[in-house]
Amino acid sequence: MMESKDALTALSALAQETRLAIFRHLVIAGPDGVSAGSIAEALGTPAPTLSFHLKELERAGLIAQRRAGRSLIYAARYDGMRALLSFLMKDCCAGRPEICGLETSNEPASCASACS
């Protein structure tokens, strides 16, 4: 369960235009992620600037980094995104989640159903 301070860190990370664009790009890319170079090219962001923003998103628990040969691959952390969304919707509509269109089962939603 996400704590208030963790939610604030994640929301702060997303409350910046470049970081929001990076995160959305990674969500679209899927769980395999993309290289830092691909992100920089897609968003037109210089490498030093991109590196700064990637570190902020990683610190917030919204993205993960892995090495593949000489490349750094970044991917959205869907568990971090779900935790933030759950935190925001925890007490949705006074205990009536159907009003908010939330899943009522404990089964994780597929990307297709969560994003439609």
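The values are calculated or read from the model by the stated rules, or taken from the named source; none is laboratory data. Because the structure is a prediction, the values reported are computed rather than measured. When we count neighbours, we look across all protein chains shown, and the Cβ atoms used for this are built from the backbone with ideal geometry, even at glycine.
List of remarks:
- Members of the range 65-97 that are touching a helix residue (DSSP H, G or I) at 6+ places or on another chain (Cβ under 8 Å), in a helix (DSSP H, G or I) and either polar (S, T, N, Q) or free of Cβ contacts under 8 Å to residues at least 12 places away in the same chain (or both): Cys92, Cys93, Pro97
- Pick from the range 42-64, criterion among the hydroxyl-bearing types (Ser, Thr, Tyr) and in a helix (DSSP H, G or I), ranking: farthest from Gly80 (Cα to Cα): Thr49
- Candidate set from the range 38-63 (those that are crowded, with 18+ Cβ neighbours inside 10 Å and in contact with a strand residue (DSSP E or B) (Cβ under 8 Å, 6 or more places away or on another chain)); member that is farthest from Thr9 (Cα to Cα): Ile39
A quick yes/no check of all residues on (1) over 14 Å from the mean Cα position of the chain (by Cα); (2) among the small types (Gly, Ala, Ser):
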residue: Met1; (1), (2): yes, no
residue: Ile22; (1), (2): no, no
residue: Ala40; (1), (2): yes, yes
residue: Ala68; (1), (2): yes, yes
residue: Ala75; (1), (2): no, yes
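- Hits in the range 1-15 (condition: surrounded by 14 or more Cβ atoms within 10 Å (Cβ to Cβ) and among the polar types (S, T, N, Q)): Thr9
- Residue in the range 31-41 that is part of a helix (DSSP H, G or I), modelled with pLDDT of 95 or more, hydrophobic (A, V, I, L, M, F, W, C) and farther than 12 Å from Tyr74 by Cβ present: no
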